[in-house]
Structures are given as structure tokens and as C-alpha cells.
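K.L.:
Got a structure for you, questions after.
The values are calculated or read from the model by the stated rules, or taken from the named source; none is laboratory data. Treat the numbers as computed from the prediction; the structure is a model and nothing was measured. Quick reminder, even Gly has a Cβ in these numbers, built from the backbone with ideal geometry, and neighbours come from all protein chains shown. For accessibility, only protein heavy atoms count, side chains too; no ligands or nucleic acids. Shrake-Rupley method; radii C 1.70, N 1.55, O 1.52, S 1.80 Å.
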Amino acid sequence: MESELKDMNSNPPSSKEERPLLKSESDLAAAIEELDKKFAPYARTDLYGTMGLGPFPMTEKIKLAVAMVTLVPLRFLLSMSLLLLYYLICRLFTLFSAPYRGAEEEEEEGGVVVQEDYAHMRGWKRTVIVSCGRFLSRVLLFVFGFYWIHETRLDRDSLMDPNPKTTSAEISQKGDAATEEPERPGAIVSNHVSYLDILYHMSASFPSFVAKRSVGKLPLVGLISKCLGCVYVQREAKSPDFKGVSGTVNERVREAHRNKSAPTIMLFPEGTTTNGDYLLTFKTGAFLAGTPVLPVILKYPYERFSVAWDTISGARHILFLLCQFVNHLEVIRLPVYYPSQEEKDDPKLYASNVRRLMATEGNLILSDLGLGDKRIYHATLNGLFCKS
């Protein structure tokens, strides 16, 4: 697999004449099927097909047409109204409050950026912001068709594999320690399927997320992200004085672990979205601090349209989401995972063990593909459809 991917990167078609022409729709279908096998974690298997481009049965076209003139306008207006309402709540309750300022960080361009948020506020104002945020996030999910969310909470005794590489004696000791002196998890870790994951986690625990620095400057969303306590990062910066994503996240994980009043941070260790059936290799950012983590598994069962955000464009995805009357979400919340000393000393082992546990309990398939493979898949698909 790796050699094939390297060949695709190192020897791209240099001109239109060098590209193999697709002689028919059957050739295109065969090429897509072969790609889907190689890049299975990102392949769409729903009724809407690859990249959400169909072909659509006539009954589905009728359903979409009806939904576009009924459900879509209503849901769009309601969702924008909820967004504006929460923005106004955040604006009102932060109006006379100074934002919390974290450590200064140097950018590659030489400027200085300060992490700012309102998640470190105390008192009744913070309570109102969090309570309204959780409630309105759940209302927004309801508007999007998630009328029921089935949640399963597993205890330590019900796990199929509490720790794949820890002895039963160590498991018992960790369980006893957790019972006597429960430690606050440093982070919530979850598989990543869609942007809707963020809405669910906001409704469940209102944690902080990692976001690009530009998000903090967006209208409406910018202030809301500061109330969430988002960690703003500049992924492209390469200055040796710049902490980078791992360093900033590591600090926030440690803070959340040792300080009960600090905002909890939510991390997607896969680093990108999948179609929901797979679990990619975990990045170690959430595990570098060696603190306990809370694993959460999200699954989106479907019959027609899968809400997984993989090969489909954002605008098309939102349109089809709003057209679907009922959407489904199932959540499996695992107990807090307490790392062994060996895992604390080896973040890669820690990440691997948590990943294996989540795959086992969530019935997910492990895959070694990553974001780079996803970009290759997308680029190849776009090339195939351009030639067809």
C-alpha cells in the first residue's frame, strides 16, 4: 500500500495526454471501486454514492425536491436563529468581563499572539453560558433531525478488553486507585465522523476544542469559540519558538487534569474524519501528558444518506443533511481510562491501547491510513470525475 501511494505522489500524470482515458461509465465505476477498496475508511457506501454525486433513483429525487422546498428553508432559518441567539447570550454575559489570557506565543512572522477565552470565567455568568450552550446545541441537533440520541455508558467491569497490554493485577490496582481517588480526565477523546460530532460534545459536556486561529476571528462563531475555550493553533507555523499544536494541547490537558475548575478539552486523535466504520491511527497529542482520558465513540446509523463528512463537499453535505427528515446518532461512553506507568512513559503505546479499546467496544475496524492518504484519495477522485 505504501509503495503504491508513493508512486502516486512521485509520478503524477504530467499532462492530460498521459492520463488513461475512461472509455465508459463502467470504466469509471470500476476505477472508483478499486479506489474505495484501497481507501476504505473514506469511501461512501450510502445511497448518495461517491462524493454525493449519485446516481439517484427517481424516488430519491422526488424526496429531495420536496425537502428542498419544505424542510431546508425551515431548518436553515431555525439553525441560524439559534446561532444568533447563542451569540447574543455570549455577548451579553461577557460584555463587562475581561477574557482570560494565556501565555504569549510567537508566530512565524514575528508577531505575538495571546490565547484568549472566556472559559475560565467563574460564577453565575459562566453557568448561564455553559447551560445555554449545552441546551441550544441539543436543540440544534433536534432541528437537524436528531430527535433521539441513544447513549450507552459502559462501566469498567463490562469492557471486553480493559487494557490490551496490561496484566490483570495492574488492571485491578488501577481500578482500586480510581475508586479510592478518582482522577479528573485530562481530555475527552473521540472518533471523528462529522462536524456534527462537535455539536454533540457541546450538548453533552461543553468542552474546549482545538481550532485554527482564524476561527476566533469569524463573525458569531468567533465569540462562541472563545466561550468554549478553544485552543487556537497555527498549524503552518514552523518557527522554533512556536510551541505548535502538541505543546499547546499538552499544556491544556495538564491544566484540565490538575484543576477541576479549568475547562475540559475535547480531542479527535485521528486528526481527520472517516466514514464511521473505521478508526485511524491516533496522534499522541492527547496522551503526551500521561493523564487519564475519557473515550467516547460516536456512530451514525443511516438508511439513505450518511452524515459522515468524507469525500462530499461541505455545501452538498449540509444540503443533504437538511433534506433528511430523521438522522440517527448512537453514543458509547467508556469509563475513564487510567494509564499504567508503562503507558505514561510511552505515549504511542498509550494512544495505541486506547485506540484498540475503542475499536473493540465500538465494533470499529482499525486502519493505518491517515490524512495524507485521504488527500490522495480525494485528488484521485476529483481527477476521475473531471475526465469522465
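K.L.:
Suppose each label sits 7 Å from its Cα in the direction of the beta carbon; what would the SER205-ARG304 distance come out to in nanometres?
P.N.:
It works out to 3.4 nm between the two label points.
K.L.:
Hey, another quick one. State the extension gain, in nm to one decimal, for the chain segment bounded by LEU47 and LEU159, taking 0.36 nm per residue of separation less the distance between their alpha-carbons.
P.N.:
Roughly 36.9 nm would be gained on extension.
K.L.:
Give, in nm to one decimal, the length gained when the segment between SER313 and PHE56 is fully stretched (0.36 nm per residue of separation minus the Cα-Cα distance).
P.N.:
90.8 nm
K.L.:
How would TRP124, TRP309 rank on accessible area, largest to smallest, probe 1.4 Å?
P.N.:
TRP124, TRP309
K.L.:
What does the charge count around LEU154 come to, taking other residues whose C-beta lies under 11 Å from its C-beta (Lys +1, Arg +1, Asp -1, Glu -1)?
P.N.:
-1
K.L.:
Between ASN259 and PHE142, what's the calculated FRET efficiency when r is the beta-carbon distance and R0 is 30 Å? Round to 0.05.
P.N.:
Approximately 0.35, to the nearest 0.05.
K.L.:
Please work out how much length the chain gains when fully extended from GLU116 to LEU85, using 0.36 nm per residue of separation minus the C-alpha to C-alpha distance, in nm with one decimal.
P.N.:
So the chain would gain 8.9 nm between GLU116 and LEU85.
K.L.:
Can you list the residues, at least 5 places off or on another chain, whose amide H is less than 5 Å from the amide H of ILE265, using H built in the peptide plane?
P.N.:
Distant-sequence amide H within range of ILE265: ILE188, SER208.
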